[in-house]
There are 2 protein chains.
Amino acid sequence: MAKNNDKKVEAITSMDEDFAKWYTDICKKAELVEYTSVKGCMVIRPYGYAIWENIQKILDSEFKALGHENVCMPMFIPESLLNKEKDHVEGFAPEVAWVTHGGSEKLEERLCVRPTSETLFCEHYANIVHSYRDLPKLYNQWVSVVRWEKTTRPFLRSREFLWQEGHTIHATAQEAAEETERMLNCYADFCEKSLCMPVVRGQKTESDKFAGAVSTYAIEAMMHDGKALQAGTSHYFGDGFAKAFGIQFTSKDNKLEYPHQTSWGMTTRLIGAIIMTHGDNNGLVLPPAVAPVQVVIVPIAQFKEGVLEKAGEILEKLKALGIRVKLDDSDNSPGWKFAEYEMRGVPVRIEIGPKDIENGQCVVATRYNSQKQTVSLENMLETLAAKVTDLLENEIPQGMFNNALENRKNRTYQCTTVDEINKALEEKGDGFIEAMWCGDEACEDKVKELSGVGSRCIPFEQHQISDKCVCCGKPAKSMVLWGKAY
Amino acid sequence: MAKNNDKKVEAITSMDEDFAKWYTDICKKAELVEYTSVKGCMVIRPYGYAIWENIQKILDSEFKALGHENVCMPMFIPESLLNKEKDHVEGFAPEVAWVTHGGSEKLEERLCVRPTSETLFCEHYANIVHSYRDLPKLYNQWVSVVRWEKTTRPFLRSREFLWQEGHTIHATAQEAAEETERMLNCYADFCEKSLCMPVVRGQKTESDKFAGAVSTYAIEAMMHDGKALQAGTSHYFGDGFAKAFGIQFTSKDNKLEYPHQTSWGMTTRLIGAIIMTHGDNNGLVLPPAVAPVQVVIVPIAQFKEGVLEKAGEILEKLKALGIRVKLDDSDNSPGWKFAEYEMRGVPVRIEIGPKDIENGQCVVATRYNSQKQTVSLENMLETLAAKVTDLLENEIPQGMFNNALENRKNRTYQCTTVDEINKALEEKGDGFIEAMWCGDEACEDKVKELSGVGSRCIPFEQHQISDKCVCCGKPAKSMVLWGKAY
């Protein structure tokens, strides 16, 4: 591809040279974020925010199709409310931001900025849930939360981040358990279909559960560098929160019972996951479903008669199909434009110049695999429109998904001993380890200590690597997915 | 209308008896909000939030059509950043919430939770605006902000509220001034068309400007009780913030210049405005454009053969037209359902029973004027669909707007002396006062002191009530709209 006049691309660090720097280069150069004077808090710029808006739109309609309703809770939690569930407060209190003053007055009780909103939803449920007729409540909210992290990185770990948090409450344990799993599957389907990112679905070990949960499910994705990124979690709470917050309802047979709860969340770290799953040394590579611009039209020799007219016709044709398309007729060179939209990860580029028009065709380039093809302009642009639609809906998503899956397969290692883990990591680089586990936390800790990989999850899809624990050699209970994590 | 079995309606305080209590009754009984243990912070419940989502959807697409892009700034502002613009900090510092600790550690510099984000946008602009090629930036964000108010009321005045804040930066003063006015008109059109709420467009007096602004424009709406509610504001900043924050750009002729800025905002108080503009003693009355449910179908004698089938057909027919329609086939009585959806302000109710089906018709009731009409079910439901569409798009919005305008006309009093103001308020009740003003702040204060009404705005549409100031009798500069305000 043309690299002349190509300042932006030259400025990116190569992925192989320094993966972390490559990542932050993309965040900055694709204009996704900008730092602020508050450490760990960032500006999400228009291009980054447009990706988030597309993520929101798809997820929100999935949630609503499953019967969920959006609400909005306050951002403040009084300290006494946060303290009501023991495990929960232990997990979150060390990392919350505290508001102590309103104007010039000291508050009687300090308030934390929500790190998550279980306590607020519980207080609300205690007010509004009285009878089995009030159940279930299937609520969600789109807000930002704050966790006072020490080490921060754009999207991946920030002190404030955007997310959705679903909070549901049910009459029975079974219904709540089913909801927990349903939402994990909803997340996994979204990642695989809309973000072209294969994920492993599984359960967190005891030591890795959400503070206050009975069980936590998660989806784990593999990044380019072989590290794991937790893309979403779904928690089953049983009736623990209901007991701590005094939420009770009268059942059909007139008994007073405790309801059962769940919560589940996905965050702006998904944007980090997109970068590190699909990006390359030319910049971002965006899945069509969430790309702010799906197709960019770059006119060649645009001052020549007929070029901008034809480019405009293509623009209108694709727009009418609901495609997010942009015509760049600025006075920058085509080479500059190529590099710019490669950096921004626009899935499809259409090049159209005088020669193309003469030949009744245009050039269609796909970002993810750097392929070019010529497509006919005849048939009232119908051929081109069909081609572009197929690229955006089928060919590109499938291709991107397959590439990511291939990478995961190549970097997933079956191991039966800790030595094998260390050898695999050393020889093949970071990746997912599939290894058996006896279920003892001591072994989990020891594997981490000896090899640097932690348990990511106990995958729902189990296969037997051996019958012994990778660490102690005692009989194994399950196969665990291990890895280094973001 | 049937009032049997009608618990909800009986529970509302009458508007004439106690307007404030009528208002909070609707907030609670229509399930718009619920209080929390943090004073002034509320839960926006699904029905209330769905109204906000509809407001967002319409406004957001208007903003984008005018070229604006969404971004997201942090929620925290370091004290030193807030202090950079003198007037701005004086206006806001007394009412911000301060974060002093992160986890167990005291912060080196305290952070306020944003009361508004001019300072954050300025910091960002200083980073990204360097050349005339970088201008304009037309940004907006949908977030919540915090102002530590003493007296709070749901939607109208809360410590945390949801809003959008637009922040734009331009190469010239003229462009920024035009943007300020364009956005005020955008707000006014939205209020009049989508919320059926007539507004007066005007400029705030000096004493009532936004902290740090050169000029503030506002739209003022009249509530049922004759009080004014400021529904939106738009501010022109000149280059004051740019100078305070060191934002400069190189112009086309290579000079270093200061850019000019604006900001503009609308908040969840619009929901309060909807309640107090259109509501009645049966509850909420929602404008069709923002109603979560636009049409409710209530089957009569639903156990009789054919009733639910026909109701289902109507449901599908209206759904296919993109109408937000709900069929309530729960086992509550029709009377209960009538009262319930009246309370919730659903614009159109369709009643369908065995007799209606026999006669090939159904009953269509409109919430805002309590009218009923029979509509034919023939012609494959086309007649009904056309009728409902016309009601939602034309008849109801126009009727609601006209009623509100009529109320405003009846309660707008032209006065030439403070005595006349007092007499009008005493005899006719609270309302808008149109009276002339010399431009002197002392007179503005004195009118407030003597009659209780403050200046709402200097309307763009001026008419001459007299040629003398209502207070001092000196030559008048402009007609001011005065009133008591929410």
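Count the net charge of all other residues whose Cβ sits under 12 Å from the Cβ of residue B:237, scoring Lys and Arg as +1 and Asp and Glu as -1.
On the way: positive: B:209, B:243; negative: B:85, B:87, B:118, B:179, B:239.
After counting each charged neighbour, the total is -3.
Taking other residues whose beta carbon is less than 15 angstrom from the beta carbon of residue B:140, and scoring Lys, Arg as +1 and Asp, Glu as -1, yields -1. The Cα-based radius of gyration of region A:105-167, divided by its Kirkwood radius, gives an Rg/Rh of 1.10. Only one residue of B:188, B:273, B:250 has its Cα farthest out toward the positive end of the dipole of region B:7-278, where Lys and Arg carry +1 and Asp and Glu -1 on Cβ, and that residue is B:273. Counts of other chain beta carbons within 10 angstrom of each beta carbon in peptide A:44-50 average 5.
What is the helix-to-structure angle for B:19-29, meaning the angle in degrees between its Cα long axis and the longest Cα principal axis of chain B, kept from 0 to 90 and rounded to the nearest 10? The answer is roughly 70 degrees.
Based on C-alpha pairs under 8 angstrom that are at least 6 apart in sequence, region A:302-457 has a relative contact order of 13 percent. FRET efficiency for the pair residue A:64 and residue B:445, taken as 1/(1 + (r/R0)^6) with r the Cβ-Cβ distance and R0 = 45 Å, rounds to 0.30. Rounded to the nearest Hz, the phi-derived 3J(HN,Hα) couplings of region B:127-134 under the Karplus curve 6.51 cos²θ - 1.76 cosθ + 1.60 (θ = phi - 60°) are 7, 10, 9, 10, 10, 4, 5, 7, where x marks glycine and proline.
Estimate the FRET efficiency between residue B:130 and residue B:243 by the formula 1/(1 + (r/R0)^6), using the beta-carbon distance for r and 22 Å for R0, to the nearest 0.05. That gives a FRET efficiency of 0.85. Take the Cα of residue A:215, step 7 Å toward its Cβ, do the same at residue A:414, and the gap between the two points is 2.5 nm. By the rule of a C-alpha distance below 17 Å, with chain neighbours fewer than 8 residues away ignored, the aspartates and glutamates paired with residue B:252 are A:331, B:134, B:175.
By the beta-carbon count within 10 Å of each Cβ, the least crowded to most crowded order of B:284, A:162, fewest first, is A:162, B:284. Rounded if a/c is under 1.5, else prolate if a/b is larger than b/c, else oblate: which is region A:293-393, with a ≥ b ≥ c the root eigenvalues of its Cα gyration tensor? The shape class here is rounded. Here the 3J(HN,Hα) profile of region A:411-426, calculated from phi with Karplus coefficients 6.51, -1.76 and 1.60 at θ = phi - 60°, is 10, 10, 10, 8, 10, 10, 9, 5, 4, 4, 4, 4, 5, 4, 5, 5 Hz, Gly and Pro shown as x.
Rounded to the nearest 10 degrees, what's the angle between the helix A:269-278 long axis and the longest principal axis of chain A, both from Cα atoms, 0 to 90? Rounded to the nearest ten degrees, it is 50. Once the mean of 1/r is taken over each pair of separate Cα atoms and inverted, the protein assembly as shown shows a Kirkwood hydrodynamic radius of 31.1 Å.
If Lys and Arg each add +1 and Asp and Glu each add -1, what is the summed charge of the other residues whose beta carbon sits under 11 Å from the beta carbon of residue A:62? Don't skip to the answer; put the middle values down first.
Numbers: positive: A:57, A:64, A:182, A:193; negative: A:60, A:189.
Once positives and negatives cancel, what remains is +2.
Remark on residue B:215: its backbone amide H falls under 5 Å from those of B:236, a criterion applied only to residues 5 or more positions apart or on other chains, H modelled at 1.01 Å from N.
Once backbone amide H atoms are built at 1.01 Å from N, residue B:457 has B:481 as its partners under 5 Å, excluding neighbours fewer than 5 places away on the same chain.
What ranking do A:251, A:80 get, fewest neighbouring Cβ atoms within 10 angstrom at the top? List each step's numbers first, then the result.
Values: A:251 15, A:80 11.
The most exposed by this proxy come first: A:80, A:251.
For residue A:466, the residues 5 or more places off, or on other chains, whose built amide H falls under 5 Å of its own are A:436.
If neighbour count is taken as other Cβ atoms inside 10 Å, put B:253, B:328, B:445 in order from fewest to most. Working shown, then result.
On the way: B:253 7, B:328 19, B:445 14.
The most exposed by this proxy come first: B:253, B:445, B:328.
Put a plus charge on the Cβ of each Lys and Arg, a minus charge on the Cβ of each Asp and Glu, and nothing anywhere else: the dipole of the protein assembly as shown about its Cα centre is then about 540 debye.
The HN-Hα couplings worked out from phi for region B:446-463 by the Karplus form 6.51 cos²θ - 1.76 cosθ + 1.60 (θ = phi - 60°) are 5, 4, 4, 5, 7, 10, x, 9, x, 6, 7, 6, 9, x, 4, 8, 9, 9 Hz, whole numbers, x standing for Gly and Pro.
Under a straight-distance cross-link criterion of Cα-Cα below 22 Å, which lysines are reachable from residue B:209, leaving out those fewer than 8 residues away in the same chain? List returned: B:84, B:86, B:150, B:227, B:243, B:446, B:448, B:477, B:484.
Let me know the mean shielding of B:141-151 by other chains, meaning the per-residue number of their Cβ atoms within 10 Å of its Cβ. Kindly include the intermediate steps, with their values, before the conclusion.
Values: counts 3, 3, 3, 5, 1, 6, 2, 7, 2, 2, 0.
Taking all residues of B:141-151 together, the mean is 3.
Evaluate Rg over Rh across chain B, taking Cα atoms for both radii and Kirkwood's formula for Rh. Rg/Rh for chain B comes to 1.02. Taking the Cα atoms of region A:223-381, the ratio Rg/Rh between the radius of gyration and the Kirkwood radius comes to 1.29. When Rg and Dmax are taken over the Cα atoms of region A:18-115, they come to 18.5, 49 Å.
A Förster radius of 30 Å combined with the Cβ-Cβ distance from residue B:376 to residue B:320 puts the calculated FRET efficiency at roughly 0.95. Sorted largest first, the spans of the alpha carbon positions of region B:7-278 along the three principal axes are 72, 50, 33 Å.
Just so you know, all these numbers are worked out from the coordinates, no wet-lab data involved. Here the structure is a predicted model, which means the values were calculated and not measured. Cβ coordinates were reconstructed from backbone atoms using ideal geometry, including for glycine residues, and neighbour counts include every protein chain displayed.
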